[in-house]
Amino acid sequence: MGKKTKTRDCPAAGRQITSSECAIGRHTTYACPETCSFNVFSVHNYPDFRSIEDSANHKFFKWLLEHVSDRAGFESGLQRILDGDASTPYFHYLAWHGVYQVGADGDSILGKWEKAGFPGLSVDERILMQGKARMRPAIIEAHRIMDQCRVEVVDLLDPARGPFLIVDSLFAGQAVRFGVYFVDVVPLPHYSRL
């Protein structure tokens, strides 16, 4: 990347582009190669993506706490979950209160954040949160476990969709071929997350 101009070589564009053009274009305009170090949504850069996801999730949790209609009730319910085995119930609780439950205005808390323009998020964090805003329940069947983080699946509730890629190291480590799982699927530019 050029220091003063903030440009970088783009193998997909075949020329130098600005960092801003890269951030926006890598999800819409350019067919970025898997190995491009700037495409955090490629499987090749999964560790970088995970740090962006962790940061975005932390910011979403803060937004959720500030905008949930009954903060005391929300925190009380969250504490009950955290007193037990918190992994799956914790994420379902956050998904219900932040994504699925809508207020009288017809928006979820994540929807309100999206309408506000996702203040405080980077371009990549906004793209991730836009995907979370489109999160939907699915019953998936694993067809191919491709490696330590990629699994090709089909959605049994939407057979017309055809096979698609889930990138999630925890799921890939536990999935079995033709296993059926009830999950929440987050669509992202090059794959989906759970």
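The values are calculated or read from the model by the stated rules, or taken from the named source; none is laboratory data. Just so it is clear, the structure is predicted and the values come from calculations on it, not from any experiment. Here the Cβ is made from the backbone with ideal geometry for all residues, glycine too, and neighbour counts use every protein chain on show. Just so you know, the surface numbers come from the protein's heavy atoms only, side chains and all, with ligands and any DNA or RNA stripped out. Shrake-Rupley method; radii C 1.70, N 1.55, O 1.52, S 1.80 Å.
Among Leu165, Leu121, Leu82, the largest mean-square fluctuation in a Gaussian network model of the chain (Cα springs under 10 Å) belongs to Leu82.
Between His58 and Ser122, residue separation times 0.36 nm minus the direct Cα-Cα distance comes to 21.7 nm. What the Cβ-Cβ distance of Ile24 and Gln79 gives, at R0 = 35 Å and to the nearest 0.05, is a FRET efficiency of 0.30.
Centre-to-centre separation between the Cα atoms of the stretch 115-182 and those of the stretch 57-105: 21 Å. Per-atom-type breakdown for the chain gives carbon and sulfur 55% of the accessible area (1.4 Å probe, protein chains only).
Rounded if a/c is under 1.5, else prolate if a/b beats b/c, else oblate: with a ≥ b ≥ c from the C-alpha gyration tensor eigenvalues square-rooted, which is the stretch 54-95? Oblate, since a/c reaches 1.5 and b/c is not below a/b. For the chain, the per residue solvent-accessible surface stands at 55 Å², with DNA, RNA and ligands left out and a 1.4 Å probe. Cα extents for the chain along the principal axes, largest to smallest and rounded to whole angstrom: 53, 42, 31.
Within the chain, count lysine pairs with alpha carbon atoms under 19 angstrom apart where the residues are 8 or more positions apart or belong to different chains. Qualifying lysine pairs in the chain: 8. Remark: C-alpha extents of the stretch 76-123 on the principal axes read 35, 29, 16 Å, sorted largest to smallest. Annotation note: GluC sites (Glu not before Pro) in the stretch 21-126 located in DSSP loop regions with a Cβ neighbour count of at most 15 within 10 Å are Glu34. With the convex hull drawn around the C-alpha atoms of the stretch 140-190, the volume per residue stands at 76 Å³. Spacing of the modelled spin labels on Glu152 and Leu65, each 7 Å from Cα toward Cβ, amounts to 4.3 nm. Using θ = phi - 60° in the Karplus curve 6.51 cos²θ - 1.76 cosθ + 1.60, the 3J(HN,Hα) couplings for the stretch 175-181 round to 5, 10, 4, 6, x, 10, 9 Hz; x is entered for Gly and Pro.
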